Amino acid sequence: MDIVTLLGNLLDPSLIIILIVGTIMGIVIGALPGFTPTMGVALVVPITFVMSPAEGLTLLGAIYGGSVFGGSIAAILLNIPGAPASFATILDGYPMAKRGEALKALYLALVASVIGGLISCLALLFFSPPMAKVALKFGPAETFWVSLFGLTVIASLGTAKDLVKGLLGGTLGLIIGTIGISPTTGTPRFTFGLPDLTGGIDLVAALIGLFAFSQALVYFEQLKAGAVMALHKAKGVLRQAIKLVFRHSGLTFFSSILGTIIGIIPGAGGQVAAIVSYDQAKRYSKNRGQFGTGTPEGIIAPEAANNATMGGSIIPLLTLGIPGSPTAAVLLGGLLIHGLWPGPDLFTVNAEVTYTFMVALLAAQIVMLICGALGIPLFSKVLKTPQYYLAPIILVLCVFGTFAIRNFSFDVYVMVICGLIGYLALKVGIHPATIVLGIILCPYLERGLLRGILLGEAEGSALGYFFNSTISWVMIALIILSVAATIVMEVRRSRKEEKDQHQSEKAVISWREYLGSRESLLALFFFLFGLLTYTVYASRLEQEAGLLPKYVLFIMMVLAVIQWFLARKYPITPMPKLPWKLLLEVVLVTVLFIVVGQFVLGYYLAGAIFLIYLPVRLIQFLEMPLSSKRIGVISLVSVVFMLLLYIGFAMILKVPFPGGIIS
């Protein structure tokens, strides 16, 4: 296809408008907690039926790219992953925002996302057929090793002191991930007779609970301590962000290539790319100790990688008809409704449509840069919201965002439970990201393991099947290098600490003190949890259905024993004192809001009452003056906010929230 025709199509005013509108829609959808890129693209597919093929695919592609970046907005500002792929951005994005550098964090995410998107789109444009052939070589064994490699990321989420805790959190996440129907036998596991659990724990519901709901509880705790989040204004923040990204050009390019490759692998998705990229960035960074505190590298790596999966996931879709991600699967529907079939014909018979779509995706990245740069100062103003109102708003967004995923009320209760788990995990020194990592990778790990065993037995050797391909050996080598690098780095760090701290200064810890410490009680809890779950439940599961849970529970018990002995080397941390009275009231009122919203008043009316009651109670708790004017302002803001939610969810997105008995 000649370049003149291609440029003419791209400069068509209608296509430019579609690019702008689609990108803005994508950013907004991505920023809404619970709304994934897949949902955003799926909602718009029917609209594209009245458009030309090139216009329809361009709209879907613009929403796809915009929503992946949009997820970082809520992740950085509110500690809520707007999409699963944004969860790794939280690890450094939110700490940077807490320092008052929210603008810097958002601009870093934007620039890294744009570069990652550009590189993946160029790969889509020039290397589609050969790269798609590589994806076909990923079978169950390769998927298993990739998932196992992803689990080594847990080692990079803390130092040796917290490493075992992180691994314990990972095993808990893996057990949560096994809830539901076994992927090979159809046997229900850990459902306890509840039909609602047969489908498993929804990933986004768990993400919102572990990150957002738990963070809202932390907000309430900070309120009592009088802590607030600042927002420092500075000139030239965008220019500084661009310089920082190009200063780390090697990391940006590597993460983009890594994201593109992972995007090609069917089923991997942006969350896996972000996890692996973050791990590699931290593992080989000169500033490894700064990760988790708000370092730019911790934002650049996951954002470049998760946006790069967009172009990568479309490569096998266009060439082979195999979508590389759930969102790409929805894009397949957009192709089919226009009579376009993946394969060679797309690049010959329908070359004009295909290449116009590819170049439009490139242009969408530039549009996203402009729209994001203009919108970020507006987005960051959310931090100016008073903390006593911001926390209740986060809780409402958690409830609405979780329900909107599957229109399933049970997911909301799961989200609350996961939120409590995440909050308690933070208090005992376990980062919720380790639990999330286990939940995300569990399906890939188990499917790869069980299918690999079945195929290996059919070929004569179940074990040999996992070692009979070059890709498998490459992944095994990477796993060994990853673990070895972590061990070497931790040994060096420990030796340095021992030199810095004189032996005589170390306090002698008695066993009586240790037995009542946080570390000891944590180890005891995980050991008893693993032992009871194994003996009472997992041991009775069928061989295939219980294979992964049994191994994970055994590893959990071993890690608990290691934690019990290892933690005595470090200073004792007493059990944290929590504001139980305030937190209990918040949780009970939230559950009451959910129940009343579902069965009596409907979510919107119950949400409005909740957003009036809870801020008023918090003001009383903080002993602030509560005038009739302040109550009036709170009531007005509550009504306006719920009206905006109604317009967005009910009128535009057509989400059927429960209306209670008044509907």
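Below are the figures for this structure:
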quantity	calculated
Ranked packing of 467-478, 345-356, most packed first, by mean Cβ within 10 Å	345-356, 467-478
Nearest-0.05 FRET efficiency for S14 and I562, computed from C-beta distance (R0 56 Å)	0.35
Long-range HN-HN contacts of R189 with modeled amide H, under 5 Å	G180, I181, S182
Modelled FRET efficiency - R0 41 Å, A650 with E542, Cβ distances, 0.05 increments	0.40
Fully extended contour minus Cα-Cα distance, from L626 to L605, at 0.36 nm per residue	5.2 nm
Zone of F49's modelled label, taken as backbone nitrogen in the range 323-344 under 20 Å from a point 7 Å along Cα→Cβ	329-341
Peptides 555-564, 273-282, 249-258, 193-202 ordered by average Cβ neighbours within 10 Å, highest first	273-282, 249-258, 555-564, 193-202
Cα principal axis extents for the range 520-663, largest first, Å	58, 42, 24
For the range 66-147: accessible area per residue (Å², 1.4 Å)	24
Full-stretch length increase - L584, T198 - with 0.36 nm per residue and alpha-carbon distance subtracted	136.0 nm
Extension gain from Y613 to I337, taking 0.36 nm per residue of separation minus the Cα-Cα distance	94.5 nm
Ordering of 83-92, 180-189, 394-403 by burial proxy (mean other Cβ atoms within 10 Å per residue, highest first)	83-92, 394-403, 180-189
Of K165/K282; K98/K381; K165/K577; K98/K235; K137/K282; K235/K282, pairs whose Cα-Cα distance is over 22 Å	K137/K282; K235/K282
Nearest-0.05 FRET efficiency for K381 and K243, computed from C-beta distance (R0 22 Å)	0.35
Span from the the range 163-212 Cα centroid across to the the range 449-482 one, whole angstrom	25
Percent accessible area from carbon and sulfur atoms, the range 230-371, protein chains only, probe 1.4 Å	65
Per-selection Rg to Rh, the range 307-436 - Cα, Kirkwood hydrodynamic radius	1.11
Relative counts (whole %) of C-alpha pair distances in the range 367-447, using bins that are 5 Å wide	3, 12, 12, 15, 19, 19, 13, 7, 2, 0
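The values are calculated or read from the model by the stated rules, or taken from the named source; none is laboratory data. This one's a predicted model, so the numbers in the text were calculated from it and none came from an experiment. Positions of Cβ are generated from backbone atoms using ideal geometry, with glycine treated the same way; all protein chains shown enter the neighbour counts. To get the accessible areas, we keep the full protein, side chains included, count just its heavy atoms, and leave off ligands, DNA and RNA. Shrake-Rupley method; radii C 1.70, N 1.55, O 1.52, S 1.80 Å.
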